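Everything on this sheet refers to the single structure shown next.
The values are calculated or read from the model by the stated rules, or taken from the named source; none is laboratory data. Because the structure is a prediction, the values reported are computed rather than measured. Ideal geometry is used to build each Cβ from the backbone, glycine not excepted, and the neighbour counts take in all protein chains shown.
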């Protein structure tokens, strides 16, 4: 294997113009498979969710899942696509043990949705329109485990083991038209597109679209053409790029690799490539089979799908506000910058903050805790924000306790920590840990007197007009009250006792 | 006009994972040619007003509610497997050493 010497990204872009095509597979969140009633529940024992249909037994007959079709139409509509009046499934024939039928039921020249677009917003606010070629229905494949090789990879394996629980789970494949004109921002556009599509899929409620769980997978097709020319170059297809960051890295790497091959007089081979998370590189996979090698033909066991215009309009009426539009509305409501909103989105905090505000919190407070203490905690435990053991309502309760003065920020942090540790809801944690702010003026007064007596020199300075020195005394009081006093009130009391105007 | 060449038969055989000898390729190319010729005659009678048929019944939109139905047990599913390991279907090596 030859190692390609990459050219720098800047040099690549100085000579070439990238053209991309993105294919995204989304696993739908239906209860059952696309063509049979087997459960799609994750984590089941191997081969415990199969039946004669998804095992491809002779005589079995598939019947399409109504929610699968409905989800496909919703996705199509949200992508501003036309919805086919009549379309069929097709058999994509290939021999590979991940499909027991020896074909995948897919759609070929009659996709259910076609000709749409998705507007994506880049980090600086620029909106880029990505044209959609089609969205079609198909089914997922089984899961292979390769045994006997050095690294669990297919190469060098002595045999493979198949679990068909995943075979037949509904997939929607969404294919863009060639993305041209993105120039040096192509990798960024690719990432923003996948991110926006993920938000859209979640907003539609058709899938959780968790990339880390394989519920959404992206293939990055990329080619270069010399600047100023029209004709597309030969493309490579980088398969299964399964995080947003990887989508951007894969596009960037392929731009540099193609440029290196082309500028040294070589030619790009049309092939599939594997992406490597560790160093962001791609390596050669198989040389692409010609489309006709799949010998597509209409699926004789399934009847055509002909969504009535009434049904399509009914579904159109149920579409939620588009995520980008919603984000811009929220951004204005919350009064945050584009950049901050992007961070909130990246952290997966938009819906959590919305829910916290709905539970009574002020926007600024909800944002502060989710993006601060809770984001830190999630980061440390390697969890997503919505996997933390705390609900938006509980966060809202903590903000309410802060607002009424029962907790200060330091105590609020301890309270959140307690909730996350499973000690109960915020009020219970406050009770058990004794986190109430000391508002008993008598106890506070005593602590203040003690601090003044113990720091006579500082007290004199303050009396003499150096009000800034009060911080040291406040600190002393906070220490004796173990952080449970309201710092602003403590400062007031000290200044009052020393006879100084604040 | 030949409907199918010997090379095309060899290609299809490879896609179908069928190992055919030279004389078999000849033999099947001839037979398939006859079959394709016979089917092609249908196109001659079918005019613009006859839509292609993929299904004999005039049905559309036969759909199933998204309700779970019992699956086979893993034992039943694996019952006919030529080989199994760890409750999975065991298949021979897919790719050789590259």
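Across the range B:51-58, not a single residue is classified as modelled with pLDDT of 90 or more and out of contact with any helix residue (DSSP H, G or I) (no Cβ under 6 Å at 6 or more places or on another chain).
If you check residue B:10 against the conditions, is it over 19 Å from the mean Cα position of the chain (by Cα), farther than 30 Å from residue A:36 by Cα and not in a loop (DSSP other than H, G, I, E, B)?
On the way: over 19 Å from the mean Cα position of the chain (by Cα): no; farther than 30 Å from residue A:36 by Cα: yes; not in a loop (DSSP other than H, G, I, E, B): yes.
So residue B:10 fails the test.
For the range A:13-28, filtered to residues that are within 19 Å of residue A:215 (Cα to Cα) and surrounded by 21 or more Cβ atoms within 10 Å (Cβ to Cβ), the residue that is farthest from the other protein chains (Cβ to nearest Cβ) is A:22. Can you say whether residue B:51 is more than 7 Å from chain A (Cβ to nearest Cβ), over 29 Å from residue A:306 (Cα atoms) and assigned to a loop (DSSP other than H, G, I, E, B), as far as the supplied structure shows? When the stated conditions are applied, residue B:51 does not pass them. Going through (1) in a helix (DSSP H, G or I); (2) at pLDDT 90 or above one by one, residue B:61 falls short only on (1).
Would you confirm whether any residue within the range B:29-36 is within 22 Å of the chain's Cα centre (by Cα) and under 30 Å from residue A:86 (Cα atoms)?
Yes, the range B:29-36 contains a residue that is within 22 Å of the chain's Cα centre (by Cα) and under 30 Å from residue A:86 (Cα atoms).
Right, residue A:41: within 14 Å of chain B (Cβ to nearest Cβ) and free of Cβ contacts under 8 Å to residues at least 60 places away in the same chain or not?
On the way: within 14 Å of chain B (Cβ to nearest Cβ): yes; free of Cβ contacts under 8 Å to residues at least 60 places away in the same chain: yes.
Yes: the conditions hold for residue A:41.
Checking the conditions here, which among B:77, B:29 is crowded, with 16+ Cβ neighbours inside 10 Å, on the phi < 0 side of the Ramachandran plot, in a helix (DSSP H, G or I) and within 9 Å of chain A (Cβ to nearest Cβ)?
Values: B:29 fails: within 9 Å of chain A (Cβ to nearest Cβ).
The conditions single out B:77.
Quick check, is residue A:69 on the phi < 0 side of the Ramachandran plot and in a strand (DSSP E or B)? Reasoning before the result, please.
Values: on the phi < 0 side of the Ramachandran plot: yes; in a strand (DSSP E or B): no.
Spelling it out, it is not the case that residue A:69 is on the phi < 0 side of the Ramachandran plot and in a strand (DSSP E or B).
For residue A:153, are the conditions met, namely being more than 14 Å from every other protein chain (Cβ to nearest Cβ) and surrounded by fewer than 23 Cβ atoms within 10 Å (Cβ to Cβ)? It is false that residue A:153 is more than 14 Å from every other protein chain (Cβ to nearest Cβ) and surrounded by fewer than 23 Cβ atoms within 10 Å (Cβ to Cβ).
Inspect the range B:9-16 for any residue being within 30 Å of residue A:45 (Cβ to Cβ) and within 9 Å of chain A (Cβ to nearest Cβ) and give the result as yes or no. Reasoning before the result, please.
Our first condition is that a residue be within 30 Å of residue A:45 (Cβ to Cβ); within the range B:9-16, this holds for none.
Checked against the condition, which is being within 30 Å of residue A:45 (Cβ to Cβ) and within 9 Å of chain A (Cβ to nearest Cβ), the range B:9-16 yields no hits at all.
Look through the range A:418-457, keep the residues that are exposed (fewer than 14 other Cβ atoms within 10 Å of the Cβ) and assigned to a loop (DSSP other than H, G, I, E, B), and return whichever of them is modelled with the lowest pLDDT. Restricting to residues being exposed (fewer than 14 other Cβ atoms within 10 Å of the Cβ) and assigned to a loop (DSSP other than H, G, I, E, B), the top hit is A:439.
Exactly one residue among A:97, A:62, A:52 is in a loop (DSSP other than H, G, I, E, B), surrounded by fewer than 19 Cβ atoms within 10 Å (Cβ to Cβ), modelled with pLDDT of 95 or more and within 10 Å of chain B (Cβ to nearest Cβ), and that residue is A:52.
Condition (residue is more than 21 Å from the chain's Cα centre (by Cα), modelled with pLDDT of 90 or more, closer than 30 Å to residue B:84 by Cβ and assigned to a strand (DSSP E or B)) applied to the range A:105-128: is it met by at least one residue? Yes. In the range A:49-66, the residue that is nearest to residue B:67 (Cα to Cα) out of those that are in contact with a strand residue (DSSP E or B) (Cβ under 9 Å, 6 or more places away or on another chain) and free of Cβ contacts under 8 Å to residues at least 60 places away in the same chain is A:66.
Of all residues in the range A:277-292, how many are surrounded by 14 or more Cβ atoms within 10 Å (Cβ to Cβ) and either touching a strand residue (DSSP E or B) at 6+ places or on another chain (Cβ under 7 Å) or at pLDDT below 90 (or both)? Explain how you work it out, then say what you get.
Taking the range A:277-292 as the starting set, the residues that turn out to be surrounded by 14 or more Cβ atoms within 10 Å (Cβ to Cβ) are A:280-282, A:284-285, A:288.
Next, from what is left, pick out any that are either touching a strand residue (DSSP E or B) at 6+ places or on another chain (Cβ under 7 Å) or at pLDDT below 90 (or both): A:282, A:284-285, A:288.
Selection size over the range A:277-292: 4.
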